[in-house]
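The values are calculated or read from the model by the stated rules, or taken from the named source; none is laboratory data. What you are looking at is a predicted structure, and each value in this text was computed from that prediction instead of being measured. Positions of Cβ are backbone-derived with ideal geometry, glycine not excepted, and every protein chain shown enters the neighbour counts. Note: areas computed on protein heavy atoms with side chains; ligands, DNA, RNA excluded. Shrake-Rupley method; radii C 1.70, N 1.55, O 1.52, S 1.80 Å.
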Amino acid sequence: MFILYAVVAGLLLGLLSGGSPSRLGDLHFRWAPLIALGMMGQLLLFSTGVGAALGDAAPAAYIASNLVVLIAVGRNLAIPGMLLVLMGGAANLVTIVANGGYMPVSPEAVAAMGRLPKEGYSNSKLVDGVVLGPLTDIFAMPTWIPLANVFSVGDALIGIGAAIVVVAAMHGRAPMSIRAMKAVQGEPASEPASEPA
């Protein structure tokens, strides 16, 4: 949910700074299906019975889904903000791998949220012998925020980067799709063109 609020913040900042939401549709995002695949994998792992069904293989599936997303993010570093997203995602992935396929959550963050991590396989877990403690879920969103959750330094970097992406796109400062470039150049949109990979 952290990234959702980051996107909303980006939209508000973009509007306040004179950006246009319509330009978001012009953003050229490479390998977008790969990101969707990775995010869908995580949704299935943590919001359905898939994680429990995979058992001991669930941590490996979580790591793989993060890696898939990071590969696609790395193809889009020309977009302002995506470097921060890559850095945050890499920090999270290294931490998850170092802790056996789980993102540890600190007792203090759990106490601040007032609830324990859910039963079964979860992306956050109370564990002993935490590795890379400062990069784990040591922060908690205020409980009055809808869908509040714990988050890490990596999540914060991803959120800031995502907000920058939105603002930059709303101001036309990000790579545009072939359709948008043709419109800017006054060329017919129906002309065939191969979009770069």
Residue among Asn99, Asn123 that alone is open to solvent by 40 Å² or more (accessible area, probe 1.4 Å), of a type in the set (S, T, N, Q) and touching a residue at least 12 places away in the same chain (Cβ under 8 Å): Asn123
Yes/no for Arg30 being surrounded by 16 or more Cβ atoms within 10 Å (Cβ to Cβ) and among the basic types (Lys, Arg): yes
Residue check for Ala58: more than 20 Å from Ile160 (Cα to Cα) and among the aliphatic types (A, V, I, L, M): yes
Residue ID - farthest from Gly89 (Cα to Cα), chosen from residues in region 48-60 that are open to solvent by 30 Å² or more (accessible area, probe 1.4 Å) and among the aliphatic types (A, V, I, L, M): Ala53
Hits in region 1-54 - residues which are on the phi > 0 side of the Ramachandran plot and of a type in the set (Gly, Ala, Ser): Gly18
Condition check for Met39: open to solvent by 20 Å² or more (accessible area, probe 1.4 Å), closer than 18 Å to Leu157 by Cα, in a helix (DSSP H, G or I) and without any contact (Cβ under 8 Å) to a residue 40 or more places away in the chain: yes
Subset of region 150-165 [open to solvent by less than 20 Å² (accessible area, probe 1.4 Å) and either without any contact (Cβ under 8 Å) to a residue 12 or more places away in the chain or closer than 13 Å to Leu13 by Cβ (or both)]: Gly159, Ala162, Ala163, Val165
Filtered residue count, region 157-189, keeping only those that are in a helix (DSSP H, G or I) and either of a type in the set (S, T, N, Q) or at pLDDT below 60 (or both): 8
Subset of region 1-10 that is open to solvent by 60 Å² or more (accessible area, probe 1.4 Å) and under 12 Å from the mean Cα position of the chain (by Cα) - its residue that is nearest to Gly154 (Cα to Cα): Ile3
Any hit, region 19-35, residues being more than 17 Å from the chain's Cα centre (by Cα), among the hydroxyl-bearing types (Ser, Thr, Tyr) and outside any loop (DSSP other than H, G, I, E, B): yes
Filter result (surrounded by fewer than 18 Cβ atoms within 10 Å (Cβ to Cβ) and outside any helix (DSSP H, G or I)) within region 126-147: Leu126, Val127, Asp128, Gly129, Val131, Leu132, Pro142, Thr143, Trp144, Ile145, Pro146, Leu147
Unique match (being of a type outside the set (D, E, K, R) and either outside any helix (DSSP H, G or I) or open to solvent by 40 Å² or more (accessible area, probe 1.4 Å) (or both)) among Leu13, Leu70, Leu45: Leu13
Odd one out for Ala78, checked against (1) in a helix (DSSP H, G or I); (2) open to solvent by 60 Å² or more (accessible area, probe 1.4 Å); (3) small (Gly, Ala, Ser); (4) under 23 Å from Ala174 (Cα atoms): (1)
